[in-house]
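Below is one structure, written out as structure tokens; the observations come after it.
Any read-out appearing in this document is the output of simple, stated calculations on the displayed coordinates, not a laboratory observation. The shown structure was predicted, so the numbers you read here are calculated from the model rather than taken from an experiment. Note: ideal-geometry Cβ built from the backbone for every residue, glycine included; neighbour counts use all protein chains shown.
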Amino acid sequence: MATGATQNPTQQTKLRWGELDEDDTGDLDFLLPPKQVIGPDENGIKKVIEYKFNDEGNKVKITTTTRVRKLANARLSKRAVERRSWPKFGDAVREDVGSRLTMVSTEEILLERPRAPGSKVEETKVSGDSLAQLGKGGAVLMVCRTCGKKGDHWTSRCPYKDLAPQAEGFLDKPAVSETATAATGSGKSTYVPPGMRAGAERSGTDMRRRNDENSVRVTNLSEDTREPDLLELFRPFGAVSRVYVAVDQKTGMSRGFGFVNFVNKEDAQRAINKLNGYGYDNLILRVEWATPRTN
Amino acid sequence: MRPILMKGHERPLTFLKYNRDGDLLFSCAKDHTPTVWFADNGERLGTYRGHNGAVWTCDVSRDSSRLITGSADQTVKLWNVQTGAQLYTFNFGSPARSVDFAVGDKLAVITTDPFMELTPAIHVKRIARDPNEQTEESVLVIKGPQGRINRAVWGPLNKTIISAGEDAVTRIWDSETGKMLRESDKESGHKKTITSLAKSADGSHFLTGSLDKSAKLWDTRTLTLIKTYVTERPVNAVAMSPLLDHVVLGGGQDASAVTTTDHRAGKFEAKFYDKILQEEIGGVKGHFGPINALAFNPDGKSFSSGGEDGYVRLHHFDPDYFNIKI
């Protein structure tokens, strides 16, 4: 509508951007610097610099940076090469640099292999079995942050709530002892009330620290071993301040290991010497210090 | 691999087809405009404007000069691939669901849906070299199946037509007389609507995918069931690799499962199976909605998937895809 600025010859073509209309931009293109294309450099980065007038009539510079990446080798037949040079038609006629119709995904997508082949049935069973396997494979793994044990329980249900995060790389069993928490307070991730902390004494001993260092780990326990059993087994060696047996919440069976805290270190040492390798309820016990550094 | 995302369609994708040379990819969607892309970098070449309804299907001639598309607006149109011009329009009384060029591109098989009083039918039309000589008349019309016929393709040497549809039965018809030659066995066949069908590169066997969460591999001559692939989702699209013995299934989600499943974005995946062992090799995630279309490039080195989300994802395989071992 208002082309006053360019029509009137007497008036200098002073451009008052406030008066400019969208219609006017066509006339004023000569004011814009030409489009620049900085071709793909050795990294494949291509820059296209365009100048436009935006809605308010301001001159804007639009820099589009694209990376030209070679994804695959396409060996095209002669016809295909011809087709490459066909003109665009239909809606593709107005090729917009900013249209972004075709984009390379920012994420790297992989052909995700299904769950460990070892867990699958070897023979090709139709429907039923393979379906079950697939279903299981798809289930989210339950990982417990405290003991690092997978597939069994969530962190909030961890039986070793008061233990520090896994210190050693034990495959099946958490390598931490309950005592580690009190000693290395910094490693803790969950709050443990005083009553539950390692070394909560029952016998009234003042030396909690010492107690925690007298922790003995017993492994290869049978399924129905419980705290009273361990207590009975270890008591002959000396005063026991605490016993603990790891129990599977779901099945109620022992996980096969437990901890015994002696009041005296010598008692603990004797227990280790005597009971390591001792046959108890059809299994050979393994008894050792709970933490590697005992001194 | 880094898939190339192509968002040219505003509505869900319905079908994808590569041309014989593997350099062009044709996509059909519910948004009325089939689009053609370059298959190497996903750059759009053009769109075919003219349809008034969702485009369900398409096929391209062997020399990539002619495109045929079937649409819900009850027409099937012939296009010039290069210019986008409409060459001819076949009119029907009901939406066209599937089209397929015969070997030699002289004939095309078209299926139409049941609509009002019309029963579903399979039409065979002659395609003339010169569009001016094109006529509307059908060489053959086959009726018989109840329920929508979702896919009909030509058998080897154009002697037979294979059809599959809502009644879950796969049938083979004689293409000259229109008689039904074979029917898939009810016991071993699909139990629910067959949504998709893909032929092998040499035409000796084909794959059908169904809403009963499985896909089945059949022999083309005898219609015996060879293999079955089971998934957890209803299958909307199937494709067979022309290079390796892989089968890809793309699916959706049962309506009943929508509220109870995890809605992490990009979770819909195209599942790869070993064709012979029937075991799952892996999945390619990324789509935000059920996958409705799958197609392999004839060279076997890339494939594309189209989803309910309107995106076409073009994947060029990494070198280690070709070394996958179970």
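Some notes on this structure:
- Nearest-0.05 FRET efficiency for A:E108 and B:T119, computed from C-beta distance (R0 51 Å): 0.55
- Neighbourhood net charge (12 Å Cβ-Cβ; Lys/Arg +1, Asp/Glu -1) for A:I49: +4
- Among the listed pairs B:K125/B:K267; A:K35/B:K301; B:K17/B:K143; B:K143/B:K285, those with a Cα-Cα distance over 31 Å are B:K125/B:K267; A:K35/B:K301; B:K143/B:K285.
- Sparse packing (at most 13 other Cβ atoms within 10 Å of the Cβ) combined with a DSSP loop state is found for the following GluC sites (Glu not before Pro) in the range B:123-179: B:E136, B:E137, B:E176.
- On the basis of the beta-carbon distance and an R0 of 60 Å, A:S85 and A:E288 show a calculated FRET efficiency of 0.20.
- For the pair the range A:247-295 and the range B:7-41, the centres of their Cα atoms are 67 angstrom apart.
- Relative contact order for chain B, counting Cα pairs under 8 Å that sit 6 or more residues apart, in percent: 13 percent
- Each of B:E187, B:E10 was scored by other Cβ atoms within 10 Å of its Cβ. Arranged with the fewest first, they read B:E187, B:E10.
- Kirkwood Rh (inverse of mean 1/r, distinct Cα pairs), chain B, angstrom: 19.6 Å
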